[in-house]
Amino acid sequence: MDVAKIGLVTKMPSIGINNDNQESGSVFSKFYQSAVDMLDETNTLQKDADQMSLDFAVGKIDSVHDVMIAQEKASIALQYTVQLRDSLLDAYNEIMRMQV
């Protein structure tokens, strides 16, 4: 486990009740941009895995290991994205059930 990555968690913007609309908008825009970047990365991994599979089928790539690694990376990224989507939908539904 890379300990340096743990420091990134403390640098994440905290979301709380704030009177400053500009700062809360900034937090949302950062969250939105990171979600879009994650989707783009997942899409890129899927396309790369598909391209490597085609290259292997045609004979451009000899290493089946590299193809399998690319496919597993794409699969894990897609599973993570789906789990994140499900969690966000659950959180949204929970907020909608709250009584004001």
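Things worth noting here:
- The modelled label-to-label distance for the pair Asp50/Leu84, using points 7 Å beyond Cα in the direction of Cβ, is 2.0 nm.
- Net dipole in debye of the stretch 20-97 [+1 Lys, Arg Cβ; -1 Asp, Glu Cβ; about Cα centre; nearest 20]: 140
Laboratory data are not the source of any read-out in this text; all were calculated from the coordinates shown. Everything quoted here is computed from the prediction, not taken from an experiment. Note that we place each Cβ from the backbone using ideal geometry, even for glycine, and neighbour counts take in every protein chain shown.
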